[in-house]
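The values are calculated or read from the model by the stated rules, or taken from the named source; none is laboratory data. Computed from a predicted structure; not experimentally measured. Every residue, glycine among them, receives a Cβ derived from its backbone with ideal geometry; neighbour counts consider all protein chains shown.
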């Protein structure tokens, strides 16, 4: 074959938009497989609704409706009572990839990239050729509907059919209605129903209504009426900053000196700390403008940061699910024989990004995964910022942590017992391994922290299992002896003339004293039996309407 | 908490460049973990070099040199004898994400997205603040060096220090030298050495030299001098097209009618086929301009395509590793006791994208993963378009296929035996699950095809294992009987007066005839013992130069 010159080859050189890229690689957004693709759509819309309500201080009422419109073809409608999207931003919000309010902020939210909703529009467009329909009602009095598509070459919105709407009751909210092909509704562990149930469990303040393609309606009832405080936006902690981060912040800073820039831009930097830093980073001119900072300045600062004693990052910015809520979640999903929940203290990864791990291990009931008639293996329920993660299990930090633990040490056989592990990670920045946000990157500090949580829970489970074993041994002995008590009290009764019932009572008391565990067990049954309230109704007459 | 209005929230709405996005989410490009990040860098540069040489019809000579420049800080230099990058394209090639020659073409190449090299520049920049250095020599006489950085806000190159170079010998090629922090060299299964070794094995026509941070030099010697034919660029097969694909092609087409457009743009569409299509897709006007095609036209065509009998996609565009080469690879990496290699016929996924699966199963030797003293579990070696995949094992289609197989049916115990599975997938479009290209999306058709290949290989391994078992039984019997032969021939010799050696010989012959497997085994040892040639040299004097 003849050699080809560089110029011949490079004349085919082209640039592409991010929308073109994801159009070709939609599996990277989570659109791979019929069932998963539908869950991805619901996931993107519902997390956006939850975030929007949270940010506006509104108790979320979310409704999800899915109806079938053809073979592997469905219409999805998701509505919320959030603040609504102003008309000016509608196109960018739904049809520009990498646009949004979340990307540049340091705050705990479910979405963080500005890809999700635009990804749905792209997916609808490439599978059905149709735009996405939107209705929005804002508090400022905007009320309109429109259709939105993406010009993929330019990663720009194409808005059509804009109409003004009446809004006599002054409601607020956003309703999105879109059609998708190459999707499938399935009632499985990886399906939409399970996704919404888990979302409801991790978000007790949200009321979620769901209507499935058969017209069945479910309401996951709100169990907490407190509007959750909006997670506070926080300043980055010095220990979490890279050299580049500092330079990026410096470039945008309006402060007059490096000293004031550090105090204004990062958390825990006080006048006293600046003084300490000055003594260590002697090569840095703290009085010059932040814009004039060089790579070397920043590098010296990063090194100096490591030598100063800092208050830990402000973890009050993080909102975990909460131990009680995790317990409720496990009980509702698995109804186990026994469980133990751990809520760990805030930790940091990469030096200064705070995060909190919550974990639970449950045994028995619906725990584990049934693999045969009476055979089980362990299973994992993963959450990140209260969002259930159903896919890409294998590459997730949570899965890795579970794999790393030597369960046998704790008397737990992950391969052959009905055991479930639940883990939720909350952070202002969850390092997802992929754009589809279904797995957490395997950062050592995160894996280690999950392991500590699970080990703590495992020790408790071990005690339970050990206790259970002992109780079983005692129970057998107790039963055997009790068999004699009846005869013995009769015989002693005739011999002594005492009432045999009295003798029996005393004997039973004596025996029970010797086997305290049998009694204890009866007394320590879980009192709290509350589970997630799911109201189910089948609306036959409405079903027809959908088809 | 007070409710916030939409306008307040949305005033923070911003748009971001793809470079900004990956700057914040570098783990999505494979930059997660010190060891993995260094392999990612080498992987991106080496695959680019291999693709460039292949495209230019040049036998690749690639050299990789890694030297340490600080704690978790290394300088990587990768050079090739490819066509060189013309000065005009240098900036875009190395510092614009989503620019390249590969994205829009339908051809089997290792890279396919235009992200890799620019991702390296970004990673160097955010960890060291330094630009990437490049020297290039093209056949057209360009010879220059320059430094390249990314303006991440604009996803644009910033080129500095451009210098003209002498090139008296008229060589061609590109040499890239860049420094990275937050990386680490490690000699492990997931390290650079192993990555290069596996690359060499899958690319026999490439000569790869490697100098590690200790100054040790290795040459993975080229074992085939045939310049591989450039995989042909092909036209998409009708069965692989979505409605949107057809419209996209139609929009760009200069053809005068839909009929001629179909013949010009897609493979296997002849005049006869167009006639057939016309009879089925009666709603489509085949004489109108392709640009005028509607979604409905395209949808009707996609449906019609499914009713026509097509020749299979042209698989000559696909270049698998080749069965002999796979055998060599397995022998070189694992030196197993036994192996079986399968090269499957071309298949298609998503209707019309051709791909070929090659698979091997090996037993014993270095197969499997040592987990204890004498304990092993199965292991997987994954390749896509001849590129080794070392990370994200859990979420890959190959891993899923291996998990799906009921190995016990084939007498193989994946949990407790020294078994390795190798799979390579070759295609004009490998559906990677992430931007980092370390795992293949779980497309059902791909998983099924891998399973078929592995089941075929497993049956063969089963015969071997069964045979081995039988041979062991026979061997024991044979040995036991042979113990008597010596005494018997002596005794018979004294009784009959015949030479005991003659009697012994005849007896042995008799016994051996009864146990043919013992003899067979000795005769069927693997004759071909060739492995990858690796020349190792430690250049102490050169080592100093690097430090």
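Before moving on, here are some points about what is shown:
Residue-wise test of (1) modelled with pLDDT of 90 or more; (2) closer than 30 Å to residue A:254 by Cβ; (3) touching a helix residue (DSSP H, G or I) at 6+ places or on another chain (Cβ under 7 Å); (4) not assigned by TED's automatic domain parsing to the domain that holds residue A:264.
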site	(1), (2), (3), (4)
A:295	yes, yes, yes, no
A:324	no, no, no, yes
A:335	no, no, no, yes
A:353	no, yes, yes, yes
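- Residues in region A:376-398 that are within 14 Å of chain B (Cβ to nearest Cβ), more than 14 Å from the chain's Cα centre (by Cα) and more than 18 Å from residue B:28 (Cβ to Cβ): A:377 alone.
- Test result for residue B:319, closer than 23 Å to residue B:439 by Cα and either assigned by TED's automatic domain parsing to the domain that holds residue B:303 or surrounded by fewer than 21 Cβ atoms within 10 Å (Cβ to Cβ) (or both): yes
Every residue, every condition in (1) more than 12 Å from chain B (Cβ to nearest Cβ); (2) at pLDDT 95 or above; (3) in contact with a strand residue (DSSP E or B) (Cβ under 8 Å, 6 or more places away or on another chain), yes or no:
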| position | (1), (2), (3) |
| --- | --- |
| A:25 | no, no, yes |
| A:54 | no, no, no |
| A:57 | no, no, no |
| A:76 | yes, yes, yes |
| A:87 | no, no, yes |
| A:92 | no, no, yes |
| A:102 | no, no, no |
| A:111 | yes, no, yes |
| A:127 | no, no, yes |
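- Qualifying positions in region B:27-52 - in contact with a strand residue (DSSP E or B) (Cβ under 7 Å, 6 or more places away or on another chain) and within 11 Å of chain A (Cβ to nearest Cβ): B:52
- Subset tally (residues that are without any contact (Cβ under 8 Å) to a residue 24 or more places away in the chain and part of a helix (DSSP H, G or I)) for region B:495-513: 13
For every residue, the table says whether it meets (1) crowded, with 24+ Cβ neighbours inside 10 Å; (2) touching a strand residue (DSSP E or B) at 6+ places or on another chain (Cβ under 9 Å); (3) modelled with pLDDT of 95 or more.
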site	(1), (2), (3)
B:62	yes, yes, yes
B:79	no, yes, yes
B:108	yes, yes, no
B:119	yes, no, no
B:122	yes, yes, no
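- Filtering region B:415-456 to residues that are surrounded by fewer than 22 Cβ atoms within 10 Å (Cβ to Cβ) and away from chain A (no Cβ under 13 Å) leaves B:417, B:448, B:451, B:452, B:455, B:456.
- Residue match in region B:40-49 (condition: free of Cβ contacts under 8 Å to residues at least 12 places away in the same chain, part of a helix (DSSP H, G or I) and out of contact with any helix residue (DSSP H, G or I) (no Cβ under 6 Å at 6 or more places or on another chain)): no
- Filter pass, residue A:66 being in a loop (DSSP other than H, G, I, E, B), in contact (Cβ under 8 Å) with a residue 12 or more places away in the chain and more than 30 Å from residue B:428 (Cβ to Cβ): no
- Taking the numbered list (1) closer than 28 Å to residue A:360 by Cα; (2) loosely packed, with under 14 Cβ neighbours inside 10 Å; (3) at pLDDT below 80 in turn, residue A:544 passes all entries but (1).
- Any hit, region B:227-235, residues being away from chain A (no Cβ under 14 Å), under 19 Å from residue B:47 (Cα atoms), under 25 Å from the mean Cα position of the chain (by Cα) and surrounded by 18 or more Cβ atoms within 10 Å (Cβ to Cβ): no
- Total residues in region B:482-505, condition over 52 Å from the mean Cα position of the chain (by Cα) and either within 30 Å of residue B:413 (Cβ to Cβ) or surrounded by 14 or more Cβ atoms within 10 Å (Cβ to Cβ) (or both): 8
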